[in-house]
Amino acid sequence: MICSSCSRTFPAEDSLFCPYCGKKLEKENCCADCGKPYLPHANFCDRCGAPAPEEEGSAQQTIIDPLNNGESHHGEVYSTREVALGIVYEDWALIHGGEFVMGSPEDELYRFDSERQHRVQINSFELLKTPVTFAMYDAYCDVHDITKPKDEGWGRDSRPVINISYWDALGYCSWLRKVTGWQIRLTTETEWEYACRAGSVTPFSTGESISSDQANFDGTYVYGKGERGIRRGMTTPAGQFPPNLWGLYDMHGNVWEWCASEYADDYNGLEQLSACKAADNQNPRVLRGGSWYNVPGSLRSASRNKLAPDLHFLKVGFRIVREIK
């Protein structure tokens, strides 16, 4: 293949970028997410599950988006010609960019060595105020006749979707990008902690401790001088507890959230990158936030966890970014 930018020739195979100048390659009939050629008449990539482009002449979907047409439709559910997406105008929070210190100080209670402090610069983005709910994810399953993840008998609708793998989360992001035109993706690990902290430098955005009146976790354990609370033993509806100062709900507890980044024991730059397009990379991905099952130390803003991308769990969900044009 010949790169259109630097004119160097190289064997393309499944490459997404030129190995000499780094320009993204434009290859016909290939997956934009992982680079694999589509099978004939395929609706999805058979490697990573990303939706294939609409064939010429097929019906185009439209999206009702108050942010783009300048009209005020507060409370209106975004929808396509096929299905309501379960997302309303107020579900997005604008996260202004800035610099912050990622990680935890050495004297923070229950911290780990993998939480080394370092400064990170963040660009502005929009973040879903809650984890993706069953109502949102089930809309995706209904359109593509995908088996819906189990809710463990706790209920669906406004509860965070659980029992989905990293690849499942990417499939949802790819579908939402296709039907809306929005630039949807998972957060990087740095973006997640920046949004969780919401300007705070304490172990939690709530301060030096957290209670079961502020988040869903195993409240029979306490952190620091916090008070003993209750253990609910299951997820709670998204947005049930007070938000942080930037209007984000459930950043502490309820479900661990998949991040786009590959996990590294020591911060080496991967925390600022997305591994979403590395379909052959089965290294663990980052989980953040803690869950309904965990003790409060796991809910700290700097707390880190990891999971193989092909695994799913009843404590794990995800949250999405909408990039700003």
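The set of residues in the range 95-131 that are of a type in the set (Ser, Thr, Tyr) and either within 19 Å of the chain's Cα centre (by Cα) or buried (at least 16 other Cβ atoms within 10 Å of the Cβ) (or both) comprises Ser104, Ser114, Ser124, Thr130.
Tell me yes or no: at least one residue of the range 197-204 is crowded, with 23+ Cβ neighbours inside 10 Å and part of a helix (DSSP H, G or I).
So far as the range 197-204 goes, no, none of its residues is crowded, with 23+ Cβ neighbours inside 10 Å and part of a helix (DSSP H, G or I).
Mind checking which residues of the range 276-325 are under 11 Å from Trp258 (Cβ atoms) and among the small types (Gly, Ala, Ser)? Gly289, Gly317, listed by residue number.
If you filter the range 217-256 down to residues that are of a type outside the set (Gly, Ala, Ser) and part of a strand (DSSP E or B), you find that the one that is surrounded by the fewest Cβ atoms within 10 Å (Cβ to Cβ) is Arg231. For the residues Ala260, Ala238, Ala278, the requirement of being closer than 21 Å to Leu176 by Cα, in contact with a Cys (Cβ under 7 Å, 6 or more places away or on another chain) and assigned by TED's automatic domain parsing to the domain that holds Tyr172 singles out Ala260. Filtering Leu311, Leu270 for residues that are at pLDDT 95 or above, out of contact with any Asp or Glu (no Cβ under 9 Å at 6 or more places or on another chain), in the same structural domain as Asn163 (by TED's automatic domain parsing) and at negative phi leaves a single hit, Leu311. Scanning the range 153-181 for residues that are part of a helix (DSSP H, G or I) and either within 23 Å of Gly290 (Cβ to Cβ) or not assigned by TED's automatic domain parsing to the domain that holds Lys277 (or both) turns up Tyr166, Trp167, Asp168, Ala169, Leu170, Tyr172, Cys173.
The values are calculated or read from the model by the stated rules, or taken from the named source; none is laboratory data. The structure displayed is predicted, hence computed values, not measured ones. Here Cβ is always computed from backbone atoms with ideal geometry, including for glycine, and neighbour counts include all displayed protein chains.
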